[in-house]
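*Asks:* First the structure, which I've put down as structure tokens, then a few questions once you've had a look.
The values are calculated or read from the model by the stated rules, or taken from the named source; none is laboratory data. Just so you know, these numbers come straight off a predicted model, no measurement behind them. Here the Cβ positions follow ideal geometry from the backbone for every residue, glycine too, while neighbour counts run over all protein chains shown. Side chains are part of the model used for accessible areas, which takes the heavy atoms of the whole protein and leaves out ligands, DNA and RNA. Shrake-Rupley method; radii C 1.70, N 1.55, O 1.52, S 1.80 Å.
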Amino acid sequence: MITLDRIASEREFHDRQAATRAVSYQCGDADLRFTDADYLNHETWLQPAFDALGDIRGRRVLDLGCGHGMAAIVLALRGAIVSATDLSPGYIRETRLRADANGVTLAATVAEAESLPFDDASFDAVWGSAILHDLDMIAAAAELRRVLKPGGIAVFC
């Protein structure tokens, strides 16, 4: 089980990473813009995992542990209605800046995976990358089951 100390520690760690990254995009939107391929091709498993989501146009998709926000942007560019969450306020700030720089609209919220601020059956799909090791899997799985619509899909890498 993730304790409050563990959550605070994770938040602090990821906020430090976000602060370090913020130095690299101080020159404005040009530093935050990217193409789908920039994200999807930087690791061999990303494109096949995204493909597993199927056609997401017009579907509500949760990016759980969005980090720098690149996946959330790609999801939005593909027509999804995206809600991005992360426990790091720094990463949520970066996600919002990156969304603006790339001309997409999404909701970005500071939230813990084990206690999501969404109604039951809110999402058609959930995406997560490099997050499972940070979670209380039992609590997070219960939350994912709660927020996914019947027949919804969750894809993690």
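*Asks:* Collect the residues in the stretch 45-88 that are free of Cβ contacts under 8 Å to residues at least 60 places away in the same chain and at positive phi, keeping them in residue-number order.
*Replies:* Selection gives G58, G69, G79.
*Asks:* Looking only at the stretch 144-157, decide whether some residue is touching a helix residue (DSSP H, G or I) at 6+ places or on another chain (Cβ under 9 Å) and open to solvent by 70 Å² or more (accessible area, probe 1.4 Å).
*Replies:* Scanning the stretch 144-157, I find no residue that is touching a helix residue (DSSP H, G or I) at 6+ places or on another chain (Cβ under 9 Å) and open to solvent by 70 Å² or more (accessible area, probe 1.4 Å), so the answer is no.
*Asks:* Could you tell me whether any residue of the stretch 133-143 is open to solvent by 60 Å² or more (accessible area, probe 1.4 Å), part of a loop (DSSP other than H, G, I, E, B), in contact (Cβ under 8 Å) with a residue 60 or more places away in the chain and closer than 21 Å to S9 by Cβ?
*Replies:* No, every residue in the stretch 133-143 fails to be open to solvent by 60 Å² or more (accessible area, probe 1.4 Å), part of a loop (DSSP other than H, G, I, E, B), in contact (Cβ under 8 Å) with a residue 60 or more places away in the chain and closer than 21 Å to S9 by Cβ.
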